[in-house]
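For reference, the structure discussed in these notes is given below.
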Amino acid sequence: MIRSVVQGCGAYLPERIVTNAELAGKMETSDEWIQQRTGIRQRHIAAEGEFTSHLAIKAAQRALERAGLQGSDLDLIVLATATPDLTFPATATRVQAALGMTKGAAFDVQAVCAGFIYGLSVADSMIKNGLASTALVIGAETFSRILDWNDRGTAVLFGDGAGAVVLRAEHGEGTSHDRGILANALHSDGRQHDILYVDGGPSSTRTTGFLRMEGKEVFKHAVVNMAAVVGEVLDKAGLTAKDLDWLVPHQANKRIIDGTGRKLGLPPERVVVTVDRHANTSAASIPLALDVAVGDGRIKRGDLLLLEGIGGGLSWGASLVRW
Ligand code: ACO
């Protein structure tokens, strides 16, 4: 039996912080509205000329350093992003070159805000099937580039950033008490395409397009689907919510996060929340939250973590990780 064990994590946020008050100076909104509806206070925005790959490379370097490894040790990079540098090649290949990794494979996965869970599941499956032994899973986004800054309903919700984890194959019989990824659950429902999408792309409009969202509809699906998928992944591992040490959710909206925490019966202090500081960074939000809670000493080796997220597609999923 092979297990994918987390060796380290890292993150990077662009320097520039944009507060709600700054946005309120540019559009018809207020700090009060944004905080009440979402819990967001500020977001980081990438500088001119700072691309998704640049954020990803910095997060990856920090994760490798914490894992005590080098780029040349890697044989897999899975980069979750909906905002690649270019239409092709995969942004992951730019990261590969920058890290000095010359073997194995590097590719992108696209599941928007569920992207990190998808990337983690793909890397875990490849490790368990013997296709890779040392993998970097990155979530990196520059959503500021696909926001319609004239649409206050979406412009205030998102931010830029990147986070990464290093996974390593460990051999031997394992129980749910051993470290590693214990279970994953992935879902999508293409019928919900029109409630969250970008209205451009190389094949349809030959433009990049802007994010469009029916927030209330996405909210309803998020609450229902998150409640279902967290139960599913716990069942798969033969565990219950009582076994959990931490919920590390996708950071879209404080109200959705609180709802999932309540459903699991977790006290608020067991739920990692960074949406106030980072806003919604799509595929980057879960590894960014992991990095904060590992960095401040809350998440410790051996803790049981439930990661979950939902995004455009709709696509959603959850992973259970013994840290
Ligand atoms: N500032 C002030 N007022 C605003 C703003 C703003 N930034 N945006 C909208 N409003 C107004 C609206 O015009 C509306 O006014 P009206 O009543 O006069 O028509 C009012 O506020 C209420 O708007 P709603 O959209 O109904 O507000 P709601 O309470 O639904 O909150 C929100 C909106 C925050 C977007 C919420 O629906 C939400 O969080 N949805 C889920 C988003 C999500 O989880 N996405 C995850 C995936 S993201 C991805 O995959 C890329």
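Each value in this text was obtained by applying a stated rule to the coordinates, not by laboratory testing. The structure presented is a predicted model; accordingly, all values stated were derived computationally and were not measured. Note: ideal-geometry Cβ built from the backbone for every residue, glycine included; neighbour counts use all protein chains shown.
Go through the stretch 252-277 and give me each residue that's within 16 Å of the ligand (Cβ to nearest atom) and closer than 20 Å to Glu32 by Cβ.
Ala252, Asn253, Lys254, Arg255, Ile256, Ile257, Asp258, Val273, Val275, Asp276
What's the number of the only condition in (1) in contact (Cβ under 8 Å) with a residue 12 or more places away in the chain; (2) within 16 Å of the ligand (Cβ to nearest atom) that Glu232 fails to meet?
(2)
Which one is surrounded by the most Cβ atoms within 10 Å (Cβ to Cβ) among residues in the stretch 141-180 that are basic (Lys, Arg) and outside any loop (DSSP other than H, G, I, E, B)?
Arg168
Hey, among Leu288, Leu247, Leu264, which residue is out of contact with any Asp or Glu (no Cβ under 9 Å at 6 or more places or on another chain) and either of a type in the set (Val, Ile, Thr) or closer than 30 Å to Ser53 by Cα (or both)? Talk me through it step by step, then tell me what you get.
On the way: Leu247 fails: out of contact with any Asp or Glu (no Cβ under 9 Å at 6 or more places or on another chain); Leu264 fails: either of a type in the set (Val, Ile, Thr) or closer than 30 Å to Ser53 by Cα (or both).
Result: Leu288 is the single residue among Leu288, Leu247, Leu264 that is out of contact with any Asp or Glu (no Cβ under 9 Å at 6 or more places or on another chain) and either of a type in the set (Val, Ile, Thr) or closer than 30 Å to Ser53 by Cα (or both).
In the stretch 21-41, what count of residues is obtained for those that are touching a Lys or Arg at 6+ places or on another chain (Cβ under 6 Å) and buried (at least 19 other Cβ atoms within 10 Å of the Cβ)?
The qualifying residues number 1.
Which count do you get for residues in the stretch 290-323 that are within 19 Å of Ala228 (Cβ to Cβ), in contact with a strand residue (DSSP E or B) (Cβ under 6 Å, 6 or more places away or on another chain) and assigned to a loop (DSSP other than H, G, I, E, B)?
2
One residue is enough: does the stretch 182-205 have a residue meeting the conditions buried (at least 18 other Cβ atoms within 10 Å of the Cβ), assigned to a loop (DSSP other than H, G, I, E, B) and either within 16 Å of the ligand (Cβ to nearest atom) or of a type outside the set (Phe, Trp, Tyr) (or both)?
No, because not a single residue in the stretch 182-205 is buried (at least 18 other Cβ atoms within 10 Å of the Cβ), assigned to a loop (DSSP other than H, G, I, E, B) and either within 16 Å of the ligand (Cβ to nearest atom) or of a type outside the set (Phe, Trp, Tyr) (or both).
Can you name every residue in the stretch 199-213 that is free of Cβ contacts under 8 Å to residues at least 40 places away in the same chain and in contact with a strand residue (DSSP E or B) (Cβ under 7 Å, 6 or more places away or on another chain)? Lay out the reasoning, then the answer.
Taking the stretch 199-213 as the starting set, the residues that turn out to be free of Cβ contacts under 8 Å to residues at least 40 places away in the same chain are 199-201, 203-207.
Across the stretch 199-213, the qualifying residue is only Asp199.
Select, from Ile138, Ile127, the only residue that is away from the ligand (no atom under 15 Å from the Cβ), over 23 Å from Ala289 (Cα atoms) and buried (at least 20 other Cβ atoms within 10 Å of the Cβ).
Values: Ile138 fails: over 23 Å from Ala289 (Cα atoms).
Unique residue meeting the criteria: Ile127.
Against the condition without any contact (Cβ under 8 Å) to a residue 40 or more places away in the chain, within 30 Å of Gly200 (Cβ to Cβ) and touching a helix residue (DSSP H, G or I) at 6+ places or on another chain (Cβ under 9 Å), how does Ala106 come out, does it pass?
Details: without any contact (Cβ under 8 Å) to a residue 40 or more places away in the chain: yes; within 30 Å of Gly200 (Cβ to Cβ): yes; touching a helix residue (DSSP H, G or I) at 6+ places or on another chain (Cβ under 9 Å): yes.
Considered against the rule, which asks whether it is without any contact (Cβ under 8 Å) to a residue 40 or more places away in the chain, within 30 Å of Gly200 (Cβ to Cβ) and touching a helix residue (DSSP H, G or I) at 6+ places or on another chain (Cβ under 9 Å), Ala106 comes out as yes.
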